[in-house]
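Colleague: Have a look at this one before I ask anything.
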C-alpha cells in the first residue's frame, strides 16, 4: 500500500458540464441573473448621476469586481486590509476601505497598498489619524481619509460635530493625508422589509449625513465624496442628493434575507446565488438529509430556502456541521435519495466566505469557474 | 502608478513573535492546553482498552491529526470525501468516513482513496451499498462498510433491525466490500450540560447500539468495530463495553459550548482555542467594536466569550460580518482603542473552517503555524 503524494480530488466542476454534474456542495452563480443585476445597478447609478463603488466583501472575488468595473463602477470597497491584495493582484487600482483599522501591521499594509493604488480609508478616532498620518508622512505617500459618521447604525463612526471636527483637523495636520469626504452607512435599515418604511429610514439617515456635510462646509471644508448605501436603500440613496457614491454589495446575488424584502422601485434584483446540494440520507420517514450544513451555508440570517419545484414538498429545517435536515411535507412521497437541490442562502456574504469558487452557470451549463480569491482574508 | 503583481501581505504571524504581535483576527491554539487535551484523551482511551480515532472535521488540519496519531490514535475520521485528501497527502493511511455519501463523483473518490489507504465508510441505504459495491468490485479494491445505526439522534442511520439486515446482506453480496461493524453516534446528547444526565443519555444510546450488535451476532455476523462517541460522552462510551472505538473531535479545543458543560470525570479538557481580536472603534460611549465578526467566528452555538481579565468589563453582544460589538460594563472606563482580546468561540468546528492557519502559541510566544489544509473541503 503506497501513498501517492500527488493524489488529488477532481475539480468541483468542468466547463461545459450540466449543472447536475457539479459536485456538491457547490456555490452556484446564475450568470443571467448576475449579469442582469450588475447591469441594472450600473444603469440606475448612471441615471442618478452618482458613482458606483460596489462592495467586494459580499463576494470576495476579483473576477466579479472586474465585471462590475467593466459595467462602469469607479472602484471597489473592501472591508479589511488583507482583503484588498487579491484585487490589486488582479489589476484593480482604486479601493476604498470602508471600515476602521488599528495596529502597526494594518498601518504598514495601508502604506504599502498606497504606493501602488489609489487608496482611501475610514477613521473614527484621532489616534487612527495620527498613526496612519505619521506613517504616510514618513513614506511620502498620499492617502485619502474619510471620517465615518454614524447615521443611525450605532456601531462605528463619530456621532457628534465635535468628534468630526477633531478628525478633520487631525487629517489636515498631515501632508500624507488628504480629506476625502465622508463615509456614511446604516446597515441596520438595509433589511427593513417594507419599501415605504425603508424609504423613510433611508431619508432619515441621509439627512444625518447631510447635516455633517453642511457642518464641514460651514467650516470651509467641502466634501468631495459622500459614500455609503447598501443594496436595500441604494435607490433612495442614489436619489437623495446627499450621497455622491454608492456601495452596494449583495445586489449581485439577492440572498434570502434581501429576497424577503419588498422591491417596488426601478431596481429589482433577481436571485442569482444558490448552493447545489444532494440528498444523501433518507433513512427516516418524513425527512431527508442533504450535504449542506454549517460549513456550506451561513445561517446567521436564517436557514437556506429550497429553490424551485422541490420547495413545494421539502423544507430545510436545521443545519448541523455537514448535514442539512429537510422535512418532507408529505411523508408518503417516493424516496428522495440522490435528489439534487438548489438552496438560496439566507446571507450571501458569510456564505461566499465559506467557498473557494463560484461555479458560474448559464442555461443549466457550467460556463466558468471564478475564484473567491479574497476568501478568509479578514486581517 | 504601477501595480506589482507580486504584492503580498505579510504573514499572519512569525515564529518567535509574542502573541501581541500576531495580526488579528487570528485563530490561536494554546499548545499547552492542546498537548494536555491530546494526552489526556489518549490515556483515557488506553486505560479503557478502546481504540481512539479522533474526528478531523473539528480541526481540518493534518498537523493536528499527526500529533493525535503520535499519541496513539489508530486512525482518523473524516466527514466528507474531499476532506480526506490533505490527510492522505500528509501521510495518514487509515481514514473512516463517518457519514453517508451519494453520487458518482463521490463513489469515484472513495474508490481512488481505497487504492491508497485503508478506508472505511458509512451507509444507511441499500442503494449506497449497491453503488459503492459495484464500483469496488469493478476496481478490485476492498472497502470496509459500516452501516450507521440511529441511536437517538434521529438524523442519519437506520432505525430498525430490518433496515440493518438489508444493509448487511447487500454488503455481503459484493466481494469488494467488507462488513466493518457499526457506526453509532448521537450528536444531540454531547452537549447535555449536567454530568449525570449526560451519563444517563449516553447509556441509553449505548444500549441501542448494543441491541443492534446482538441482533447481528444472532444472525452470525459479529461486529469487529462499534465506532462513535463524541467529546461530551466519550468517557461514558469508553466504559460502556459497547463501543470499541471513539471518535471525539472537539476535545482538543474545548469550545465555548462544551466549556459550559459539567466535567466531573477523569477527562477534563482545557480551553485551547481562541480568536485574537483588536478593538478598532470606540466612537460610542459604553461600547467598543472589535475586528472579529461572522467571518472570523461561527455563531451557530452562541456568541464568542471574552477570555481572561478583559471578561470582567467587556461582553461580546453581537456579530456583524466583520465587526464584533462589545458592551462595556462600566461606560466610564478609559478608551479601549487598540486593546487586544482573546475570544473563546462558541463552536469550534465551523470556526476553524473559516481560517487558514492555527497560530500555535506557548507561554505567549508563537511556536508554530499549522495549516488548516482541509478547510472548505466539504464535497
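Colleague: Take the residues in the range A:353-378 that are more than 16 Å from the chain's Cα centre (by Cα) and in a loop (DSSP other than H, G, I, E, B), then tell me which one is farthest from residue B:129 (Cα to Cα).
Modeller: Step by step, filter the range A:353-378, then rank; the result is A:363.
Colleague: Can you pull out the residues in the range A:296-319 that are out of contact with any strand residue (DSSP E or B) (no Cβ under 9 Å at 6 or more places or on another chain) and buried (at least 17 other Cβ atoms within 10 Å of the Cβ)?
Modeller: A:298, A:301
Colleague: Under the condition of being under 28 Å from the mean Cα position of the chain (by Cα) and within 12 Å of another protein chain (Cβ to nearest Cβ), which residue from the range B:161-178 is surrounded by the most Cβ atoms within 10 Å (Cβ to Cβ)?
Modeller: This residue is B:167.
Colleague: A further question follows. May I ask you to list the residues in the range B:132-160 that are surrounded by fewer than 17 Cβ atoms within 10 Å (Cβ to Cβ), away from chain A (no Cβ under 14 Å) and closer than 30 Å to residue A:319 by Cβ?
Modeller: Matches in the range B:132-160: none.
Colleague: Any idea which of (1) closer than 29 Å to residue A:348 by Cα; (2) within 14 Å of chain B (Cβ to nearest Cβ) is the one residue A:205 doesn't satisfy?
Modeller: For residue A:205, the failing item is (2).
Colleague: Checking residue B:262 against (1) within 23 Å of residue B:59 (Cβ to Cβ); (2) surrounded by fewer than 20 Cβ atoms within 10 Å (Cβ to Cβ): exactly one of these is not met. Which one?
Modeller: (1)
Colleague: Considering the range A:244-254 alone, what residues qualify as being in a loop (DSSP other than H, G, I, E, B) and modelled with pLDDT of 95 or more?
Modeller: A:244, A:247, A:248, A:249, A:253
Colleague: Among the residues of the range B:309-334, how many are within 27 Å of residue A:351 (Cβ to Cβ) and either touching a residue at least 24 places away in the same chain (Cβ under 8 Å) or outside the structural domain of residue B:284 (by TED's automatic domain parsing) (or both)?
Modeller: Count: 9.
Colleague: For the subset of the range A:330-352 comprising residues that are within 10 Å of another protein chain (Cβ to nearest Cβ) and assigned to a loop (DSSP other than H, G, I, E, B), which member is farthest from residue B:57 (Cα to Cα)?
Modeller: Going through the qualifying residues, I end up with A:335.
Colleague: Assuming residue B:156 fulfils every condition listed in (1) farther than 26 Å from residue B:249 by Cα; (2) out of contact with any helix residue (DSSP H, G or I) (no Cβ under 6 Å at 6 or more places or on another chain) apart from one, which condition is it?
Modeller: Among (1) farther than 26 Å from residue B:249 by Cα; (2) out of contact with any helix residue (DSSP H, G or I) (no Cβ under 6 Å at 6 or more places or on another chain), the lone unmet condition for residue B:156 is (1).
Colleague: Farther than 15 Å from residue A:77 by Cβ, more than 8 Å from every other protein chain (Cβ to nearest Cβ) and more than 24 Å from the chain's Cα centre (by Cα) - does that describe any residue in the range A:112-121?
Modeller: yes
The values are calculated or read from the model by the stated rules, or taken from the named source; none is laboratory data. Please read all numbers here as calculations on a predicted model, not as lab measurements. Cβ: placed from backbone, ideal geometry, glycine included. Neighbour counts: every protein chain shown.
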